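Here is the structure we will look at, set down as structure tokens.
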Amino acid sequence: MNDSSALLEVRDLKLGHHSKRNGKLSLAVSGLDFDIRKNELIVAVGPSGCGKTTFLKAVAGLHPVLSGELKLDGKQITGPGVDRSMVFQDSSLFPWLTVMENIVYGLKAQKRYDAAGKARAEWLLDLVGLAGRGKAHPSELSGGMAQRVNLARALATDPELILLDEPFAALDAQTREVMQEELLRIWQSGGATAGKTAIFITHDVYEAVFLADRVVVFSAGPAHVAEIVDVTFDRPRSPELKRSPEFLRQADEILSLVMSQSWAKERMVTA
Amino acid sequence: MTATVQLSHQKKSAAPTDMYEKLRPKSKRLRNRSLILGVTGIVLGLLIWQILASSGVVSSTFSSSPIGTAGALWTMLTNGTLWAPVAATLASFGIGMAISIVFAIPIGLILGRAPVLRELVDPWINILNSVPYVVFLPLIIFWFGIDETSRIVLVVWSAAVPLLMSTIGAARNLDRNYMNVATVFSASRGYTLRTVAFPAILPYILSGIRLAVGRGLVGAIVAELFLGAVGLGSLVQVQTSNFEMDEAMATVTVIAIIAILINQLVGLVERRFAYWADSS
Ligand SMILES: Nc1ncnc2c1ncn2[C@@H]1O[C@H](COP(=O)(O)OP(=O)(O)OP(=O)(O)O)[C@@H](O)[C@H]1O
Ligand SMILES: [Mg+2]
């Protein structure tokens, strides 16, 4: 965090959905306000349905901003861009493409698939531990493997900001632990994936503390920032960290923050 | 000591291999079994038919017999009387299918993506789908006459509706997640259509085509029965009214073989282009 200039600025952001039935607007995010610095791994937690996915989609350019600022590198986000990519909540690999074709999809869509892109894709396949499985089809992969491919696909376009929406939520507890370590390994590996800025959404506070530089706790919906918790454990982090008292204390603190948000929902409506 | 370790190790690894060896031939055996039983069933049916006909329990004047049918089929194949009707039926079926595919798929895609338009025409599609199309035949004849045009119209009428409906369903339920991936990667509209929307929809379109092919073939034959044209349907009718039961049965056999072949062909296309759909 030597470079502390803001990559993403969120100022008094308001997002909402128009109901399909009566067209009425319901707010998903209101008065959201925080910054994300370059090379930071931000984890967002919050009560279910509070607006985390909506926020992430807005950053990806998939969801319109109602009002407020949502600036990437000083420019308001108005749509998707090659500087961002996203790992979706449910595995969204294209089943009609092979693993390798999935990984290079973004590069091809952006007409950037050249010798360097090909080499990068090969390198990523290796990095996520699937060397030699490039010709497999997604249906032949386990859930954990599929999410690794998803991660590789998001990294392939070399984005400035990578958005991850509960990427490990569908995995069993054991695989999830492995994937968290894998993610950190990739993050801390140096080379072409080093120091990426990322927003990672999860419901798992242990996952949050293990991965994050900072944990942003969202309030009950419509979401605003309830609290930002700095996580200062040294990197590289090892799995043993999860058993240290300080780690557990911080996870507990965040858990009670999220819980109090869920309970505070009623009183929060007019805030 | 080392020997025992090796031995137990060998035993351990031997067990799963044995299991697999049992598993694999079993599934193959099962496949072979259903093939053998299927063929046996057909042969048995033909045998019973032949015995009933030869023993005079049923009159072969009315029912023909497998041997008589095979003989007639051979004659019709060798003297060439079969080819013109086959060509005629396949022509109206083929043209009708081509028209159905060319129109029903794009219209279905548009209707699937435009809710207002879809709700506007939905009742019409439902009416066309639920009313047996044969009742429209007199009208079709009145509008289009009794030649080729009417037969093609009937094929289109029977094939286009199911194809239209499955295309609408596919376009409507196009997975948003897949589209979002393309959008996040800033894929152009054309690229998204070609690389995401089309492959995602293709399996549903192909199963719509499978349905349409079956209905279209029925449409082609029904049209010939009513319109007394040159195809296989009218051939059966002419042969039956001439009491040429062997020949009539032979023609029915040809129709059955054509139907099965066309279905196999569609199945082949499905396996080639939508192989991933059944496993996901
Ligand atoms: N397509 C939509 N149309 C209308 N309302 C929506 C839509 N998607 C989400 N919402 C509403 O917006 C609010 C926020 O939803 P969002 O998916 O962002 O929550 P979330 O924090 O990601 O929840 P979870 O943790 O369960 O994934 C919810 O109240 C939800 O009902
Ligand atoms: Mg969500």
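Please treat every number below as a calculation from the coordinates, not as lab data. What you see is a predicted model, and the numbers here were worked out from it, not measured in a lab. Cβ atoms come from the backbone with ideal geometry, glycine included; neighbour counts cover every protein chain shown.
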Using Cα pairs under 8 angstrom and six or more residues apart, how large is the relative contact order of chain B, in percent? 23 percent
List every residue whose amide H lies under 5 Å from the amide H of A:GLU227, counting only residues 5 or more places away in sequence or on a different chain, with H placed 1.01 Å from N in the peptide plane. A:VAL217
Kirkwood Rh over alpha-carbon pairs of chain A, then Stokes-Einstein at 20 °C and 1.002 mPa s: what D in µm² s⁻¹, rounded to an integer? 111 µm²/s
Quick check for me: using +1 on Lys/Arg Cβ and -1 on Asp/Glu Cβ, what's the dipole size of the range B:65-279 about its Cα centre, in debye to the nearest 20? 940 debye
Over chain A, what relative contact order in percent results from Cα pairs under 8 Å that are six or more residues apart? 24 percent
TM-like helix rule applied to chain B (DSSP H, alpha carbon span at least 20 Å on the long axis, mean Kyte-Doolittle at least 1.6) gives B:83-113
Given a Förster distance of 22 angstrom, what is the FRET efficiency for B:LEU77 paired with B:ALA259, based on the Cβ-Cβ distance and rounded to 0.05? 0.80
Taking the Cα centre of chain A as the origin, how large is its charge dipole in debye, to the nearest 20, when only Lys and Arg (+1) and Asp and Glu (-1) carry charge on their Cβ atoms? 880 debye
Output wanted: per-residue J couplings in Hz (rounded whole) for the range A:224-241, from phi through Karplus 6.51 cos²θ - 1.76 cosθ + 1.60, θ = phi - 60°, x for Gly and Pro. 9, 7, 8, 6, 10, 10, 6, 10, 10, 4, 5, 10, x, 9, 10, x, 4, 3
Long-range amide H contacts for A:SER30: which residues qualify at under 5 Å (H placed 1.01 Å from N, peptide plane, sequence gap of 5 or more or a different chain)? A:LEU15, A:ALA223, A:HIS224
Calculate, in whole percent, how much of the Cα-Cα pair population of the range A:127-269 lies beyond 27 Å. 27 percent
Could you run the Karplus curve 6.51 cos²θ - 1.76 cosθ + 1.60 with θ = phi - 60° over the range A:70-83 and give me ³J(HN,Hα) per residue in whole Hz, x for Gly and Pro? 9, 10, 10, 6, x, 10, 4, 7, 10, x, x, x, 5, 7
Select from B:ILE168, B:SER188, B:LEU117 the residue farthest towards the positive end of the dipole of chain B; place +1 on Cβ of Lys and Arg, -1 on Cβ of Asp and Glu, and compute about the Cα centre. B:SER188
Once you treat every alpha carbon in chain B as an equal point and sum by Debye, what is log10 I(q)/I(0) at q = 0.11, 0.12, 0.15 Å⁻¹? -0.85, -0.94, -1.17
Grab the beta carbon distance between A:ASP234 and B:ILE125, set R0 = 45 Å, and tell me the FRET efficiency rounded to 0.05. 0.10
Collect residues whose amide H, placed 1.01 Å from N in the peptide plane, falls under 5 Å from the amide H of A:MET86; neighbours closer than 5 in sequence don't count. A:LEU163
HN-Hα couplings for the range A:13-19 via Karplus (6.51, -1.76, 1.60; θ = phi - 60°), in whole Hz with x for Gly/Pro, come out as 6, 10, 10, x, 10, 8, 4
Under the span-like rule (Cα at least 15 Å along the axis, Kyte-Doolittle mean at least 1.6), DSSP H helices of chain A: none
Contact order normalised by residue count of the range A:94-158, Cα under 8 Å, 6+ apart, percent: 52 percent
Taking just the alpha carbons, could you work out the radius of gyration and Dmax for the protein assembly as shown, both in angstroms? 32.5, 100
